[in-house]
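Below: one structure, written as structure tokens.
The values are calculated or read from the model by the stated rules, or taken from the named source; none is laboratory data. Here the structure is a predicted model, which is why all the values come from computation and not from measurement. Here the Cβ positions follow ideal geometry from the backbone for every residue, glycine too, while neighbour counts run over all protein chains shown.
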């Protein structure tokens, strides 16, 4: 067994004898960082693995919800079928409100007062 290992080592030495590895210090510094700068560079050099299927499905669900909301026309408290150009601004008590929101709030307050 020792002879086999020795012969393999000799063959490797013959084949690799011409090659010189000149950046051994850089590799050691990256794999075993000692200073804060080396640690930061090692941390920055991390590889991220992002699973495509869950991220893709999440993005698809979010886009579907947003698209459904836009198609319904109920975005931002707007009633179905009411276009943004049909809404009116009114001034009450020195403040500006959307007319439909103001009427809804007044109706809710009046209903609360009656009960």
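Descriptive notes on the structure:
- Counting only residues that are surrounded by fewer than 10 Cβ atoms within 10 Å (Cβ to Cβ) and either in a helix (DSSP H, G or I) or touching a strand residue (DSSP E or B) at 6+ places or on another chain (Cβ under 6 Å) (or both), the stretch 27-75 holds 8 of them.
- Total residues in the stretch 13-25 satisfying the condition of being outside any loop (DSSP other than H, G, I, E, B) and either within 30 Å of residue 35 (Cα to Cα) or modelled with pLDDT of 90 or more (or both): the figure is 2.
- Cβ-Cβ contacts under 6 Å between residues 6 or more apart (or on different chains), taken from a first residue in the stretch 61-86 that is modelled with pLDDT under 80 to a second residue that is assigned to a loop (DSSP other than H, G, I, E, B) and loosely packed, with under 11 Cβ neighbours inside 10 Å, are listed as 73/80; 74/80.
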